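Colleague: There's a structure below that I have some questions on.
Any read-out appearing in this document is the output of simple, stated calculations on the displayed coordinates, not a laboratory observation. Because the structure is a prediction, the values reported are computed rather than measured. Cβ coordinates were reconstructed from backbone atoms using ideal geometry, including for glycine residues, and neighbour counts include every protein chain displayed.
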Amino acid sequence: MALKNIKITAEQKAYYENHYIDLGMESHIYRNSPNTIIKIWKDEVITNSQKENKKNKLVKMYEKRLKHIPTIICTYSLYDVCVGYEMSYDEDDIPMLIAPLDRSSKLNALKEIKSILQYFIDEGVIYPDIKNDNILINNRTGNLTFCDMDNSKIDNLPIDVYPHYAARFFKGYGQENSSLHSYMLNLYTLTELTDTWQEEVIEGISQGEYQDMFTERGKVILKQMKQVTPKYTGEYLIDYIK
Ligand SMILES: Nc1ncnc2c1ncn2[C@@H]1O[C@H](COP(=O)(O)OP(=O)(O)O)[C@@H](O)[C@H]1O
Ligand SMILES: [Mg+2]
């Protein structure tokens, strides 16, 4: 079955935008029912052609039946432009940002994220924005969900807005492949294990910090992250924890 589209009016769109339960960089998140939410992209951030690109990517994710993401229910359009989509919502899913995890649960989650990212690569998906508010962990099951996948590269369909550090990585490395996952998950690993932010972690790497957290190979990865070049090997710090 093809992904359904629902036409909405300008009034409906304004209603969703004015009654959001959460706000992302690119969107308003509206709770449409106990177990669905609608994501409406911000007009001032996402152009109409990016919205169409996102729609094409949603269709691809839907057709691939991509796992580890919310179930995509339908798209919404206004004047024939896709403005957002509806997806499943589970009230037990909490963003990693606020999930109270101890160190060993964090390490398990980071290993699981690595394997989900490998699965995405196998499905032709590269996701550039690996960070704690885009990954949900289920309180009951411990399952992980990537909630912000419309900004991925899927087959030949491009990323819409490059996250800052992903753009910096791309500049040094020069290719769009699984190494982007490695770099972004490595940053994420450091933010999780030190309870800091990406910005501080970038500063810490450039100061030569974090050496005592990793085995010898991990130290090599940290060095590669200091000044990214096309020789970056795409390895994961999570495999070299001391
Ligand atoms: N399906 C979902 N289930 C639960 N929370 C969600 C879901 N989708 C989004 N959220 C929440 O809304 C926030 C913003 O959504 P996100 O898709 O990341 O938007 P943006 O693309 O604007 O960053 C997320 O950080 C998350 O907390
Ligand atoms: Mg987000």
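Colleague: Any chance you could run the full-extension gain for Asn5 through Thr215? It's 0.36 nm times the residue separation minus the Cα-Cα distance, nm to one decimal.
Modeller: Stretched fully, the Asn5-Thr215 segment lengthens by 70.5 nm.
Colleague: Can you give the Kirkwood hydrodynamic radius of segment 135-203 from its Cα pairs, in Å with one decimal?
Modeller: 13.7
Colleague: Which order do the peptides 211-219, 116-124, 131-139 take when ranked by the mean count of other beta-carbon atoms within 10 Å per residue, highest first?
Modeller: Ranked from most to least packed, the peptides come out as 131-139, 116-124, 211-219.
Colleague: Here's a follow-up. Please go through the residue pairs Lys7/Lys51; Lys4/Lys57; Lys55/Lys131; Lys60/Lys131; Lys57/Lys111 and name each one whose alpha carbons sit more than 19 Å apart in this structure.
Modeller: From the list (Lys7/Lys51; Lys4/Lys57; Lys55/Lys131; Lys60/Lys131; Lys57/Lys111), the Cα-Cα distance tops 19 Å for Lys55/Lys131; Lys60/Lys131; Lys57/Lys111.
Colleague: Looking at segment 119-175, I'd like the Rg to Rh ratio, where Rg is from alpha-carbon atoms and Rh is Kirkwood's inverse mean 1/r.
Modeller: Taking Rh as the inverse mean 1/r over Cα pairs, Rg/Rh reads 1.02.
Colleague: Test of understanding: in a Gaussian network model of the chain with alpha carbons linked when under 10 Å, which of Leu157, Leu144, Leu180 would top the mean-square fluctuation ranking?
Modeller: Fluctuation is largest for Leu157.
Colleague: I need the Kirkwood Rh of segment 4-88: take the reciprocal of the average 1/r across all distinct C-alpha pairs and report it in angstrom.
Modeller: Roughly 12.9 Å, rounded to one decimal.
Colleague: Between Asp92 and His19, what is the FRET efficiency for a Förster distance of 25 Å, r being their Cβ-Cβ separation, to the nearest 0.05?
Modeller: 0.65
Colleague: Would you mind calculating the gained length between Thr71 and Asp133 on full extension (0.36 nm times residue separation, minus the Cα-Cα distance), in nm to one decimal?
Modeller: 20.5 nm
Colleague: On average over all directions, what projected area in square nanometres does the chain have, based on the convex hull of its Cα atoms?
Modeller: Convex hull of Cα atoms, orientation-averaged projection: 13.2 nm².
Colleague: Starting at 0 and stepping by 5 Å, how many percent of the alpha carbon pairs of segment 113-242 end up in each bin?
Modeller: In order of increasing distance, the bins hold 2, 10, 21, 24, 21, 13, 7, 2, 0 percent.
Colleague: Taking only Cα atoms and a 10 Å spring cutoff, compute GNM fluctuations for the chain and point out the largest among Tyr127, Tyr183, Tyr165.
Modeller: Among Tyr127, Tyr183, Tyr165, the largest mean-square fluctuation in the Gaussian network model of the chain belongs to Tyr165.
Colleague: Give the separation of the Cα centroids, segment 38-100 to segment 175-242, in Å.
Modeller: 29
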